[in-house]
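Let me begin by presenting the structure, written as structure tokens, before commenting on it.
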Amino acid sequence: MKNKALKCGFSIPLLGMGTWQMGGRMERSAANDDAGQIQALRTGLDKGFTLIDTAESYADGKAEELVGAAIKGYDRDKLFLTSKVWKTHVAYDNVLRSAEKSLKRLGTDYLDLYLYHQVNNEIPLEETMRAFDRLVSEKIIRHIGVSNFALERFRLAQNCCEHKIVVNQIHYNLAMREPEPELIPW
């Protein structure tokens, strides 16, 4: 699998596996095919997909548990694990707790990339980004990312951080083209 490398030294596989709707949607599904989804992830890993993207909000943590089960027996150093903290958990202490819970569900001691998942204007951005900085300093996460940030908010978040924000995971496809005029050219 080829990687994309940035000038700051961050490198990420170009393709990976997403886990949205594994285990359920926002809530766990009792009817979920856990074994089938674990096998699907393992098949991807065996085919060379080393990046797995998940989030604490996916099936209320169940997707992270499925990823944790799928990666057992694989060399952790060869994997690229991404997770996200949900917008209701972006107060300083909640970010730290959420990261620890994600690590436990995933069965790992670090994340390659941790994202601020959705915007929450009720919690000061400085507070949230200070927690992300602490997680990097303590080597709980290797890199900071955000999700669905407009350019102005992205710049503000970067100004609040000691460490570089290396990813802005955006909603963009043939039907959803909102990032084209400003964010993508930047």
Dividing the Cα radius of gyration by the Kirkwood radius, what Rg/Rh value follows for the range 13-65?
-> 0.98
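Keeping every protein chain present and rolling a 1.4 Å probe, give me the accessible area per residue for the range 46-113 in Å².
Ligands and nucleic acids excluded, the figure is 41 Å² per residue.
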How high is the relative contact order of the chain, given as a whole-number percent (alpha carbon pairs under 8 Å, six or more residues apart)?
-> 15
Around V167, which amide H atoms from residues at least 5 apart in sequence, or from another chain, sit under 5 Å from its own amide H, with H modelled in the peptide plane?
-> V146
HN-Hα J couplings of the range 130-145 from phi, Karplus 6.51/-1.76/1.60, θ = phi - 60°, integer Hz, Gly and Pro as x?
-> 4, 5, 4, 4, 4, 4, 5, 4, 8, 6, 7, 10, 8, 9, 9, x
So what J values fall out for the range 90-100 if you push phi through Karplus, 6.51 cos²θ - 1.76 cosθ + 1.60 with θ = phi - 60°, rounded to Hz, Gly and Pro as x?
-> 9, 5, 3, 5, 5, 4, 4, 5, 4, 4, 4
For the range 66-107, give the percent of accessible area contributed by carbon and sulfur heavy atoms, probe 1.4 Å, rounded to a whole number.
-> 50
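Summarise the long-distance tail of P(r) for the chain by giving the % of C-alpha pairs beyond 23 Å.
Numbers: 7159 of 17205 pairs.
For the chain, the share of Cα pairs beyond 23 Å comes to 42 percent.
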Dipole magnitude (debye, nearest 20) for the range 53-186, charges at Cβ of Lys, Arg, Asp, Glu | 280
Student exercise, the range 1-123 dipole from Lys, Arg, Asp, Glu Cβ charges, in Debye to nearest 20 | 320
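The values are calculated or read from the model by the stated rules, or taken from the named source; none is laboratory data. Treat the numbers as computed from the prediction; the structure is a model and nothing was measured. Counting neighbours? That spans all protein chains shown, and the Cβs are built from the backbone with ideal geometry, glycine included. Note: accessible area is taken over every heavy atom of the protein model, side chains too, but ligands, DNA and RNA are not part of it. Shrake-Rupley method; radii C 1.70, N 1.55, O 1.52, S 1.80 Å.
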